[in-house]
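Contents: one structure, followed by commentary.
The values are calculated or read from the model by the stated rules, or taken from the named source; none is laboratory data. The structure displayed is predicted, hence computed values, not measured ones. Please note: Cβ atoms are built from the backbone with ideal geometry, for glycine as well, and neighbour counts cover all protein chains shown.
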Amino acid sequence: MQHIIKYEPSFPMLQVSLAPNETLIAEAGSMVARATSVNMEVKLNAGRGAGFFAKLKAIMVAFARKLVGGETFFVNHFSGANGGWVWLAPALSGSMRHIPLQGQTLVLSAGAFVACAGEVDLKLRWGGLRAILAKEGAFFLEASGHGDLWITSYGAIDEVWVNGTYVVDNGHLVGFDANLQFKVKSPGGGVMGFVASGEGLVCEFTGQGRVLIQSRNTTSLVDWVGKLLP
């Protein structure tokens, strides 16, 4: 899909050109502007070909979103019989990256998804207790198939290829290849390392694949802003 990412590296905006009847799926609330020839339809983020129970699950999770955190479970579908254009921007300052999917599966942290196009399937992935402890929320977003994927981060995005073991601070994780295994653990240094290091918990990845990390931590931003509030 024809696109350009403008105003990098700190305040990116994605501009996408849609061919006739081409569809762009975007995170709710990310639209900046669109052509009058482009229509928008709101749909549940339940995955392609989802049956009744998958849609029911998506509805239940949507209502629980404020309690468990995670990705928005409603997405906007943009398309038009005559084509047109759509502009999108993430909520935070940082980077945006285009990732061509060629059959692989990428698991994204909460807030990393911006948009996708083509034969890309979006599904919720239960992260379990380990994801909650790592402050990633109860659910990840899993993107697979063939097509275009756009993601965002707080700060710059770095791509690390893992062959063995790799440790990432939980607040800096953007996404990872689905074939990687991960576990949540203490950063080290015993009890003092957990309490006094300021590192919280870390994610340890094992296997072969890529891990996407961000150069800034949203939790640190919240803590910094909180100290300035009356």
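Just to be sure, is residue 97 among the basic types (Lys, Arg), at pLDDT 90 or above and on the phi < 0 side of the Ramachandran plot? Full working, then the answer.
Details: among the basic types (Lys, Arg): yes; at pLDDT 90 or above: yes; on the phi < 0 side of the Ramachandran plot: yes.
It is true that residue 97 is among the basic types (Lys, Arg), at pLDDT 90 or above and on the phi < 0 side of the Ramachandran plot.
Identify all residues within the stretch 20-31 that are surrounded by 13 or more Cβ atoms within 10 Å (Cβ to Cβ), in a loop (DSSP other than H, G, I, E, B) and not charged (D, E, K, R); write none if there are none. Steps first, answer last, please.
Residues of the stretch 20-31 surrounded by 13 or more Cβ atoms within 10 Å (Cβ to Cβ): 22-28, 30-31.
Cutting the leftovers down to in a loop (DSSP other than H, G, I, E, B) gives us 22-23, 28, 30.
Of everything in the stretch 20-31, those that are surrounded by 13 or more Cβ atoms within 10 Å (Cβ to Cβ), in a loop (DSSP other than H, G, I, E, B) and not charged (D, E, K, R) turn out to be 23, 28, 30.
Could you check residue 81 against (1) assigned to a strand (DSSP E or B); (2) modelled with pLDDT of 95 or more and say which number it fails?
(1)
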